[in-house]
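Data block below; observations after.
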Amino acid sequence: MSTAVCPGSFDPITLGHLDVVRRARRMFDDVVVGVARNAAKNALLPPERRVDLVRAALDADPETADVRVAEVPGLLVDFCRDVGAVAVVKGLRGGADFDAELPMALMNRHLTGGATGVETVFVPGDPGYAHVASSLVKDVARFGGPIDDLVPAGVADAVHAALAR
Ligand code: PNS
């Protein structure tokens with residue numbers, strides 16, 4: 001059985017994330033969504049809430065119901081070792097994503113000892129979600145725009161509640 005990790009901030013999970021997790025599940029027997037901390041970003045939602053929202057979204061789709069989700073407490077590569085993952089799967093919306101992701105993929109490979117370490121698999125996302133990013137979703141919501149058709153059920157309410165705090 002081969003395990004892959006789909007990591008991200010998921011602040012919040014979007015329909016674009018779900019599309020990539022679905023694609024990862026078609027390639028790997030076992031997929032774990034890793035809700036991680038991105039040191040470059042200030043999260044709106046606490047990690048436990050992000051995990052709960054990911055779980056609800058995965059449960060709502062038969063294709064992802066057996067996908068696991070957990071918080072990444074430290075380095076992604078340590079999490080991958082702990083869950084026995086051979087690969088990290090990341091979605092690409094375009095060239096800017098690749099530019100941001102390649103250094104992380106190479107660093108993760110470096111940290112796991114080169115050729116025998118965890119490899120990153122880049123998956124082109126559905127172009128219909130190419131404009132969907134958690135940061136834009138929060139920005140739209142912050143200024144009163146509709147986000148229901150960009151995120152799984154229940155997520156919009158969680159974002160609005162967090163923004164109102
Ligand atoms: O959704 P994001 O913010 O693009 O995902 C980036 C994330 C959270 C996967 C990355 O920042 C990460 O792996 N964080 C965990 C800590 C870590 O391993 N940092 C070194 C990455 S090379």
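Values for this structure:
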{"quantity": "Contour minus Cα-Cα distance for Ser2 and Ala65 (0.36 nm per residue)", "calculated": "20.9 nm"}
{"quantity": "Segment 24-47 versus segment 54-123: alpha-carbon centroid distance in Å", "calculated": "7"}
{"quantity": "For peptides 52-62, 102-112, sequence by mean Cβ density within 10 Å, most packed first", "calculated": "52-62, 102-112"}
{"quantity": "Carbon plus sulfur fraction of accessible area for segment 1-46, probe 1.4 Å, in percent", "calculated": "48"}
{"quantity": "The chain, helix-only ellipticity at 222 nm - DSSP H runs n ≥ 4, -39,500 (n - 2.57), divided by all residues, nearest 500", "calculated": "-13000 deg cm²/dmol"}
{"quantity": "Å² per residue, accessible surface of segment 77-165 at 1.4 Å", "calculated": "57"}
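The values are calculated or read from the model by the stated rules, or taken from the named source; none is laboratory data. Values in this document were obtained by computation on a predicted structure and should not be read as measured data. Reconstructed Cβ throughout: ideal geometry from the backbone, glycine too, with neighbour counts over all protein chains shown. To get the accessible areas, we keep the full protein, side chains included, count just its heavy atoms, and leave off ligands, DNA and RNA. Shrake-Rupley method; radii C 1.70, N 1.55, O 1.52, S 1.80 Å.
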